[in-house]
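See structure below.
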Amino acid sequence: MPATTDIPSLARLIEPGMQIALPVDYAGVSMAMTHALITHGAGNLDLVCVPTGGLQADMLIGAGLVRSVETSAMTLGEAGGAPCFNRAVKEGGIVLKDATCPAIHAGLTAAQKGAPFSAMRGLIGTDVLRHRPDWRVIDNPFGAGGDPVVLIPAIQPDVAIFHATMADRAGNVWIGRRRELATMAYAARRTIVTVERVVEDDLFETETMAAGTLPALYVDAIGIAPNGAWPYGLWGGYPADTAELSRYAAAARTTEGFAAYLADTGAAAS
Amino acid sequence: MTPSSPRETLITTIAGLLDGVRHVAVGASSPIPAAGAMLLRAMSEVAGAPPVRISILGSVRHNFFTNGSVELFDCAGQGRIDAFFLSGGQIDGQGNVNLVGVGDYPQTKVRWPGSFGAAYLYFVVPRVILFREDHTPRIFVDKVDFISAPGTSPEGVYRSGGPYALLTGLGLFDFDAARPGFRLRSIHPGHDLTEITDATGFAFAHDAAPAATPPPDAATLALLRGRVLDELSETYPDFAAQLQRETSEDA
C-alpha cells in the first residue's frame, strides 16, 4: 500500500480544473480535506455530489474554487439551505448541472463498468432533463416502438474523496454498507480516502469484514484524520454536530461571515 | 384523554392514505409522514394484517438497505416501494412539483435544495403522497416555475407511479390523473372551504359542502400516544417531545 500521507499533501494531489466526486452528508464526508483543499487553492473544480451536496461543497464554492456543480440537491439538512451555493446561484457564479439522485448513480455506474452510458426511467417531461443537453432520450431499442428512455453518460471523476472508519496496513478501506463510496472509487480515476484510524488487522481476514471492504486496488492515497468528518457524523462512529452546522449556516449568510468562519475553523484545523 | 391535536389528525390521515401498503419509504426529516407510517404499522399488527415495512432514509437504525443510497431507487424502480412522500416549494394544480427555485432557471431568485430523487420516484412509486403542512398561495400555485417532477405523463411514457393525494394543514385532496387535477376530499377540523380556496393558487374540484376530516378514534389515539410516540422518539426525539406537549393534560 501506499503509506499514509499527511492531509496537506493529499490536497496537493488536486489540480485546477479537475472533476471531483464528493459523498452525501451521511455517507462519510472528508471534512478534514476541506480546509486543506481551500489552503491548497486549486480552482475551477467541477464537483459531482453523490448524489447530494452539503457543507463541504458549500465551503469549496464559498472559497471560489468551484466552476460547476452536478448535484441532485445542495443542503445543510436541518440547518437549512447551503448559503454560499445559494449566493453563487443568484449571482450566476457557478455552472449548475441539476440532476436527480439515480441519474448521478447511473452515470457513476456506467463509468464503473467501463460503459459509455446507462439508461434510466423517469425524468421525461421534467425541467431537470430539459436543462441537461448532455443527456439524451431514445426510444427503447428493445421495445415495440415508442417507450422513451433517458441515457446518462458515464461520469468518470478525476478524483473521489471520502472519509471512512478504518484502513488496514495494505490500504484496504472498510466502508461497511455505504456502497456509494465503492461506486465513487470504482468510477473515479483516483481515490483519496481519509480514515479515523489504521488498524493492524488484515480487513480480508474474516468474510464479515471483507464484505464491507473496498480493496486497495481502488485506493490511491490514505490520510489519517481522527474525527475527520466533523461537523458531519460518521456512521457507526459519531453523530453530526448540529450546533456547529447551524453556526456555519448563520455565519456563511454573508461573504464576510463565511470568511470569518473559515479563518476561525481553519486555524483550529491546522 | 385530551382531544386530538391537529397534528394527530394529520398523522391519522396519513395512516389511512397508506392503508394496504407493504413498504413505505420516508425522508430523514419527515416526522409527520414517519409517524403516519408507524401508526399504520401498529394498526396493521393489532388487526393481524400483513406486516408493513418502513424505510427511513438517512437513519442508521431504521434503514435496512445495504447497497448504499442507490438501493432505494433500484428498489422503487422494481416496484418494491408502494408509497413515498414528496413535498415541494411549489406544487401546482396539475400535480407538478418544484423543488428547485422561484424565477427563471438557472439564476433563480430563490433557490431551494434541488430535485433529490423526485424526478425518478414520482414516476415509479404508485402512491406518492404530497405533504406540506403550510398551505399558502405561494406554495400552491397555478403553474410551477420549474418542473422537478411532473404530475402526469403523456401516453407512451413509462409511468407506474405518481401523485395519489395532497395533504396540507388545512385539508386533504385526491388527485385525478385523468383530468388532471385535485379534488378536495375533506377539510380539517377548525377550517373551512373559503379559507382553503383563498390559500390555494389553483382551481380544484369539491363538493358544495365538503366532508370534515375525521379525527382519530379512541383506540387509534391510544396507539398513537403510546407505542407510536415511543417509536417516534427514537428517530425524531424533538418532534416526539413537541407532539407530547401539544396534547398533554395541562396544555
Whole-number percent relative contact order across chain B, with pairs defined as alpha carbons under 8 Å at least 6 apart: 20 percent
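Given a 1.4 Å probe and heavy atoms of the protein chains only, how would you sort B:ASP174, A:ASP98, largest accessible area at the top?
Final ranking, largest accessible area leading: B:ASP174, A:ASP98.
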Surface accessible to a 1.4 Å probe, B:HIS191 within the full protein complex, Å²: 70 Å²
Antiparallel %, DSSP beta bridges [both residues in the stretch A:1-102], to 5: 5 percent
Cβ-based charge dipole, the stretch A:145-270, positive-most Cα from A:ALA185, A:ILE175, A:ALA243: A:ALA243
R0 of 35 Å, Cβ-Cβ distance B:ALA219-B:GLN78: FRET efficiency to nearest 0.05: 0.45
For B:ASP230, solvent-accessible area (1.4 Å; no DNA, RNA or ligand), Å²: 100 Å²
Computed E for B:SER160/A:ASP134 - FRET, C-beta separation, R0 30 angstrom, nearest 0.05: 0.65
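Which longest run of chain A has no exposed loop site in it, a site being GluC sites (Glu not before Pro) in a DSSP loop with at most 12 other beta carbons within 10 Å, and the site itself not part of the run?
Excluding the exposed sites themselves, the longest stretch runs over A:1-199.
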Label point distance in nm, B:ALA211-A:ALA250, each placed 7 Å from Cα along Cα→Cβ: 4.7 nm
Percent of beta bridges antiparallel (DSSP, the protein assembly as shown, rounded to nearest 5): 35 percent
Ranked order, B:ILE54, A:ILE224 - accessible area, probe 1.4 Å, largest first: A:ILE224, B:ILE54
Estimated buried accessible area (total), pair A and B, 1.4 Å, Å² to nearest 100: 3000 Å²
Using a Förster distance of 41 Å, the FRET efficiency for A:ASP147-A:VAL199 (Cβ separation, nearest 0.05): 0.25
Normalised per residue, the volume of the convex hull around the Cα set of chain A (Å³): 128 Å³
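For a quick check of your reading of the filter: which trypsin sites (Lys or Arg not before Pro) in the stretch B:81-161 sit in a DSSP loop and have no more than 13 other Cβ atoms within 10 Å?
Counting only loop positions with at most 13 other Cβ atoms within 10 Å, the trypsin sites (Lys or Arg not before Pro) in the stretch B:81-161 are B:LYS109, B:ARG138, B:LYS143.
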Neighbour count of at most 16 Cβ within 10 Å plus DSSP loop: longest GluC sites (Glu not before Pro)-free window in chain B: B:1-132
Average beta-carbon neighbours from other chains, 10 Å sphere, peptide B:105-111: 6
Most fluctuating residue given options B:ALA83, B:ALA178, B:ALA42, as computed from a GNM of chain B linking Cα atoms under 10 Å: B:ALA178
All Cα pairs of the stretch A:1-148, percent lying beyond 20 Å: 54 percent
Euclidean distance between Cα centres, the stretch B:1-67 to the stretch B:206-222, Å: 19 Å
Semi-axes of the equivalent ellipsoid for the protein assembly as shown, Cα gyration tensor, largest first, Å: 39, 26, 23
Cα-based convex hull, the stretch B:6-242, per residue volume (Å³, whole number): 138 Å³
Fraction of antiparallel bridges per DSSP, the stretch B:117-251 only, in percent to nearest 5: 55 percent
Within 10 Å of each Cβ in A:45-54, the average number of Cβ atoms from other chains: 2
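Where in the stretch B:2-108 are there chymotrypsin sites (Phe, Trp or Tyr not before Pro) that are in a DSSP coil and have at most 13 other Cβ atoms within 10 angstrom of their Cβ?
Values: sites: B:PHE64, B:PHE65, B:PHE73, B:PHE84, B:PHE85; in loops: B:PHE64, B:PHE65.
The qualifying sites are B:PHE64.
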Zero-based 10 Å bins, Cα pair distances in the stretch B:29-159, whole percents: 11, 36, 34, 16, 2, 0
Coil-residue trypsin sites (Lys or Arg not before Pro) of the stretch A:127-232, DSSP, other Cβ within 10 Å capped at 13: A:ARG189
Simple spin-label estimate for A:LEU217 and B:PHE202 in nanometres, 7 Å along Cα-Cβ: 5.0 nm
For residues of B:115-128, the mean tally of beta carbons on other chains within 10 Å: 6
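The values are calculated or read from the model by the stated rules, or taken from the named source; none is laboratory data. No experiment lies behind these values; they were computed from the predicted model shown. With ideal geometry, Cβ positions are generated from the backbone for all residues, glycine too; neighbour counts draw on all protein chains shown. The protein model used for the area step is the full one, side chains on, heavy atoms only, and it has no ligands, DNA or RNA in it. Shrake-Rupley method; radii C 1.70, N 1.55, O 1.52, S 1.80 Å.
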